[in-house]
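K.L.:
Below you will find the structure I want to go over with you.
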Amino acid sequence: MSVLKRIAELFRLFVSLLFRSIFIYGDIEGRHVPFLINLALLVTQVLVARGSVERVLVVLASVLLTYLARGSGKVVVYSSVLALIPSTWYFIVSTPFTLDLFASALIALRVFTVSLSFICFLYFFNPVEISYLLKLLRLKNASLYPTLTWRVVPHIMRDMETALLVGEMKGVEAWKSLAVTVLTTEEYVSLYEEGLFSKPGYEPSYYYSVKHTLTTLIILAFLMVACFFT
């Protein structure tokens with residue numbers, strides 16, 4: 001197999017992994033937690049992960065608890081594999097400078113934990129909430145775009161994965177497969193423009209899950225308390 005084909009295969013696997021780490025399982029209840037609480041959890045995790053190895057492990061535990069407590073334990077596998085990509089790179093790059101495998105492993109662990117935190121935040125991000133808040137701010141025209149963007153992106157990613165796979169089976173260059181994806185994206189744009197032109201204003205509705213909001217607040221509190229004992 002040529003180098004270009006190998007790169008195309010790896011890129012297809014990356015797209016597939018990214019899709020499964022962020023967009024699967026739809027509008028589950030675990031995604032109905034206020035954006036600001038999710039953001040506060042992410043910021044706290046990133047800040048705490050800058051500390052000792054014990055704190056990094058505490059942050060990692062909080063991320064895993066977030067996935068499990070909010071009903072998305074199956075996503076952890078895909079997200080962890082995705083987070084391994086930058087952490088492995090940092091381990092390889094840092095080793096010649098640190099000359100210490102333990103120090104490089106700690107760097108890789110910190111990068112893995114922070115990466116997993118960001119992926120977790122993106123997974124539980126709910127664009128409908130942003131659209132709903134924009135509507136409350138009387139920005140009805142803008143309220144459509146967060147939801148529409150989050151709806152179109154996974155379609156494009158799935159089409160890209162399929163095009164790359166078909167290209168591999170036919171022995172076609174990767175750029176031709178990506179060109180098909182671009183054409184498909186243009187079709188999506190045309191179809192959505194036609195559909196929106198004939199419909200009235202977008203009226204998003206949204207609810208907050210008390211159960212998962214409290215769960216997230218408990219995890220945030222656990223993270224903050226654990227910092228005092230590590």
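K.L.:
Where Lys and Arg each count +1 and Asp and Glu each count -1, what net charge lies around Phe23 among other residues with Cβ under 14 Å from its Cβ?
P.N.:
Computed value for this residue: +2.
K.L.:
Check each of the trypsin sites (Lys or Arg not before Pro) in the range 1-63 and keep only those in coil by DSSP with at most 14 other C-beta atoms within 10 angstrom; list them in order.
P.N.:
Sparse-neighbourhood loop trypsin sites (Lys or Arg not before Pro): Arg50.
K.L.:
Ok, one more. Please list, in order, the residues from the range 209-229 whose amide nitrogen is less than 18 Å from a point placed 7 Å along the Cα→Cβ vector of Leu65.
P.N.:
Correct set: 211-229.
K.L.:
Can you give me the distance in nm between label points at Arg50 and Lys140, each placed 7 Å from the Cα along the Cα-to-Cβ direction?
P.N.:
Rounded to a tenth, the inter-label distance reads 4.4 nm.
K.L.:
For the range 150-156, in order, what is each residue's ³J(HN,Hα) by Karplus, 6.51 cos²θ - 1.76 cosθ + 1.60 with θ = phi - 60°, in whole Hz (x at glycine and Pro)?
P.N.:
5, 7, 6, 3, x, 4, 5
Values quoted throughout were computed directly from the atomic coordinates according to the rules given, and no laboratory measurement underlies them. A quick note: this is a predicted structure, and the numbers were derived from the prediction, not measured. Quick reminder, even Gly has a Cβ in these numbers, built from the backbone with ideal geometry, and neighbours come from all protein chains shown.
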